[in-house]
Structure formats: C-alpha cells, structure tokens
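These notes are about the structure you will find just below.
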Amino acid sequence: MLTAYTVLDGYDLGVGSLSLWIARNDEERRMALNSIGPVWNGNEVWLVAAGGMLVVSFPRVYAVAFSGFYLAFMLVLWLLVLRGVSIELRSQIGNPLWRELWDAGFWVGSVLLALLLGVALGNIVRGLPIGIDGYFKGTFAQMLNPYALLTGILTVVVLAWHGTNYLRVKTEGALFARAVRWSHRLWWIALVMVVVVTIATFMVLSGTPRTFHVYPAAWAVPLLILAGLVWGVLSRGAERSTSAFRSSALLIVALMLTAALTIFPDLLPSTVNPQYSLNIYNSASSPHALRVSLIANVFGMIAVIVYSTYVHRVFHGKVRLGEGHY
C-alpha cells in the first residue's frame, strides 16, 4: 500500500515540487494544478489505508511508529492540509498576490512532505532506537541524521522526476517542452542520488543485508532500479512521454521493494539490540485478526483500484482549461 501511495501521490508531489519553475505564468500553473486536480485526494487514500492496515495487522509497530514519529506525523498531516488548502483556495480570488501566496504554499507542502517521507524511510532502513520495552527511545532531532537526509533528498529528486514525466503526459505547448527538459535534468540527478544512497546504505548497514544472502533471487529487485533508470534514458524523446512516466513509476516501485527487502523480516529494526526489533512474527496480531485484516484490505484495495482506474480513464489525455477549473 505504501508503494502504491508513493507511485500515485508521488507524481502530484513531484508536480508541486517543481511547479514554481516549470510553470512560469498563471495559465501554466493552472494547467499543472488541473493535471492533478481530479486525482490528488484519491491518491492519498492509499496512505490512510496503509495506516488502517497497520493498526489491525501489526498493532505494536503502529504504536511504536506513531509514538516515535509523533512530531513527524503531525508535520505530515499539516503539510497535507497545506497542499489541499493551497489547491482549493488559489482560484477563489484573482488577485496575483493571493495566487502567488498559495502557489508558494503548494510548493512548500509538496517539497517538505516528500522530504519527510524520505527521511522516515531512511530511518527505518538505518534502524531506530527501540528499547527492550518496545518503546522508541530517540528524538525528532536524531531522525535528521545524514543518512536519513540523503534518502530524503533522493525521495524529493525521484518524485520530482516522476512529476515532470506526469506533466509530459498531461500538458502541451511551452509547459510540455519545459517538462521534457526538466525530465532529462532530473534523470541525471536521480542517477547520482541512487548511486550515493546505495553506497551510503552499504556503509550504514556494514555490508550486504542478510536477505540477499539467504534468498539470492532477491537481487532481481535491486536490478529493477537499474532497469527503471535505463528505461528512463531511453524515453527521453518528447514522443515517449508515457514510457518515461512508466519508467519513473518502475524506479519508485523498485526502490520501495528494495528497502523492504533490506530490513526483512523486520518492520522496525532496533539499533539498541537486534533482539528488540519489531518484525512480522513478534508484532503480528492474532491469526483471526490477520484473516479479518486480509479480507477487509483485499476488498478495500479492489474498491480503490476500481475507483482510481475509473477516474484516470475519465480524465485521461491533455489538460484543457475551462471556467470551472482551478
């Protein structure tokens, strides 16, 4: 669910991260906003669904994560609100200063949200100070360590690349041409950041994660990162925008699955003592609760997939601005 959220909400976060530079006038910014207008709130359902699944299936992980990351989650909540408010209020008044204000709010919310999500993922891969009593022993400041900040920057860059590829699919004219150029630039930055974070991960974990020794077939997943980058460079042509969007989606899926395999079977590794880590065995609910969670989540995911597919089909194609748009 978190992977689906990162792919789907990732492109509208990416659009917001670069909206002040790619879209240079009011009409282009309206086109950027309306490209994500019908889908951005639906994309965030995946994040809510992931939280709900965690409560029922792994309540100890939910308790530790939400108590340890309390300040971070509150910031995420306020940034989600800021993005939504910025999108909705921008078009209510035609004053240029008013619109610049909410454009800045949309940008701040998008960049910081992507950064925070990446920092959280970096801390989970690096490990958290979880004590013998199962409680988080760290502080918010300790989460802003160099490795987590690196993964945060990688997340901002990759989602920005994903967002520009989405704009390539949804826009035309000068905005489309600018999105194509930014897509090329961000591909190079993403390549550099993937290499840097990969080296940093081996240094932080002191070698290759155990999963890749036990299950050699797991190496196929990190290779998908390389496949996504190669696919991306092969999709540089302006006529291959849909292919470029799929390549950045593949890269995000590969990065998320590689992070999951890196810590498997742990869900929250402990830096205090590996024995204190919360994994899929010692933090799972009862078998009955897991069966109920599985059934509920399967039906819920099918409903969200059907809804998302329908909305994307209805609003497919290039954006055409009208009076009722943002």
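The values are calculated or read from the model by the stated rules, or taken from the named source; none is laboratory data. All values reported here derive from a predicted model rather than from experimental measurement. Note that each Cβ is placed from the backbone with ideal geometry, even for glycine, and that neighbours are counted across all protein chains shown. Remember, those area values only see protein heavy atoms, side chains included, never the ligands or the DNA or RNA. Shrake-Rupley method; radii C 1.70, N 1.55, O 1.52, S 1.80 Å.
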Report task. Having 1 or more residues that are within 20 Å of residue 110 (Cβ to Cβ) is the bar; report the helices (runs of 4 or more DSSP H) wholly within region 132-248 that clear it. Result -> 146-170, 173-204
Query raised in the report: Tell me, which residue of region 64-86 that is of a type in the set (A, V, I, L, M, F, W, C) and under 14 Å from residue 136 (Cα atoms) is most open to solvent (accessible area, probe 1.4 Å)?
Result: 71
Report task. Show the residue pairs that are 6+ apart or on different chains and have beta-carbon atoms under 9 Å apart, the first residue being within region 86-99 and among the charged types (D, E, K, R), the second being assigned to a loop (DSSP other than H, G, I, E, B). Result -> 88/326; 90/326; 99/91; 99/93
Query raised in the report: Are there any pairs, at least 6 apart or on different chains, whose C-beta atoms fall under 8 Å, with the first in region 257-279 and within 30 Å of residue 228 (Cα to Cα) and open to solvent by less than 60 Å² (accessible area, probe 1.4 Å) and the second of a type in the set (Gly, Ala, Ser) and assigned to a helix (DSSP H, G or I), and if so, which?
Result: 261/218; 268/65
Report task. Pull up region 211-236, narrow it to residues that are among the small types (Gly, Ala, Ser) and over 19 Å from residue 162 (Cα atoms), then point me to the one that is surrounded by the fewest Cβ atoms within 10 Å (Cβ to Cβ). Result -> 217
Query - Residues of region 192-210 satisfying the condition of being buried (at least 17 other Cβ atoms within 10 Å of the Cβ) and closer than 21 Å to residue 250 by Cβ - result: 193, 194, 197, 201
Query raised in the report: Among 151, 171, which is the only one that is surrounded by 20 or more Cβ atoms within 10 Å (Cβ to Cβ), modelled with pLDDT of 95 or more and among the β-branched types (Val, Ile, Thr)?
Result: 151
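Could you go through region 97-106 and let me know if any residue there is farther than 13 Å from residue 156 by Cα and within 16 Å of the chain's Cα centre (by Cα). I'd like the intermediate steps shown before the answer.
Step one: of region 97-106, the residues farther than 13 Å from residue 156 by Cα are 97-106.
Still in the running and within 16 Å of the chain's Cα centre (by Cα): none.
No, region 97-106 has no match at all.
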